Amino acid sequence: MRRTVLVLLALLALVPAGRAAAQASSDSVYLRPGDVIHLVVFRQPEFSGDFGISPDGTVQHPLLSDVHVVGVPRSVIRERLRTAISRFERDPNFVFDFLYRVGVGGEVRLPNLYTLSPETTLGQAVAAAGGVTEFGRLDRVHVMRGGREILVNLQRPDADVSEMRIRSGDQIRVGRRSNVIRDYVGPFAAILGAAAAIATLATSK
């Protein structure tokens, strides 16, 4: 009985720590210019919508354009939004979320810039771009992040890879599967054909 009580007390002690860890994780997510804030202000539809982040780090919103949101924690952004909205609505009730701007290219069907939730995994980002082409290699996905390149194998079953989330500014490129006929025989045949054509022209003069 005593041992059971001690276990329960230990579990209860972990609850605040878990909440603190979740808050710390949330506050470690930062916005960059080009990202988007999804904002919903109850009873104020003119405040609600998706608003991009301008190059100077402020919200591209006609009434909130002085709110700076780049490089600060989520909790700070919430207070800044609350202060700004309070100029028009007393005790505002609102929710907001981040959307990251990432590029997905290489051997995908719909290469483009995408606006995606921070919860999006690398695999889901590739899926958003229509998935890989017939020549795509999920075992060689290149991610440019923070000035360095990360090579990711999305075919690995471990959680570290399958749960890897996107970050603001990521450039994701799916590698290309090599094909001897397409990559070597085809170009070589084209060269031979061009050489034969030149030789024919030369001998016909």
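The values are calculated or read from the model by the stated rules, or taken from the named source; none is laboratory data. Not measured: the values here are computed from a predicted model. FYI the Cβ positions are ideal-geometry reconstructions off the backbone, even for glycines, and counts take in every protein chain you see.
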remark   = Reported set for the stretch 86-126 where residues are surrounded by 18 or more Cβ atoms within 10 Å (Cβ to Cβ) and in a strand (DSSP E or B) is F98, L99, Y100, R101, V102, V104, G106, V108, Y114, L116
key: Unmet requirement for L63, which otherwise passes all of (1) surrounded by 14 or more Cβ atoms within 10 Å (Cβ to Cβ); (2) at pLDDT below 95; (3) under 21 Å from the mean Cα position of the chain (by Cα); (4) more than 19 Å from L116 (Cβ to Cβ)   = (3)
query = Among G146, G105, which is the only one that is modelled with pLDDT of 95 or more, of a type in the set (G, A, S) and not assigned by TED's automatic domain parsing to the domain that holds F51?
reply = G105
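Does the stretch 143-161 contain any residue that is part of a loop (DSSP other than H, G, I, E, B), over 15 Å from the mean Cα position of the chain (by Cα) and surrounded by 14 or more Cβ atoms within 10 Å (Cβ to Cβ)?
yes
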query = Looking at (1) within 30 Å of S48 (Cβ to Cβ); (2) under 18 Å from the mean Cα position of the chain (by Cα); (3) in contact (Cβ under 8 Å) with a residue 40 or more places away in the chain, which is the one condition that is false for M164?
reply = (1)
task = Considering (1) closer than 30 Å to Q44 by Cα; (2) crowded, with 18+ Cβ neighbours inside 10 Å; (3) over 12 Å from the mean Cα position of the chain (by Cα), say which one G57 fails and leave the rest.
result = (2)
query = Quick one: in the stretch 33-54, which of the residues that are surrounded by fewer than 16 Cβ atoms within 10 Å (Cβ to Cβ) and charged (D, E, K, R) is farthest from F98 (Cα to Cα)?
reply = R43
task = Tell me which of these V76 doesn't satisfy, since it passes every other one: (1) in a helix (DSSP H, G or I); (2) crowded, with 19+ Cβ neighbours inside 10 Å.
result = (2)
note = Note on the stretch 127-136: residues in contact with an Asp or Glu (Cβ under 7 Å, 6 or more places away or on another chain) and outside any loop (DSSP other than H, G, I, E, B) are V132, G136
query = Which of the residues that make up the stretch 31-48 are over 27 Å from the mean Cα position of the chain (by Cα) and either free of Cβ contacts under 8 Å to residues at least 24 places away in the same chain or farther than 14 Å from L64 by Cβ (or both)?
reply = F42, R43, P45, E46
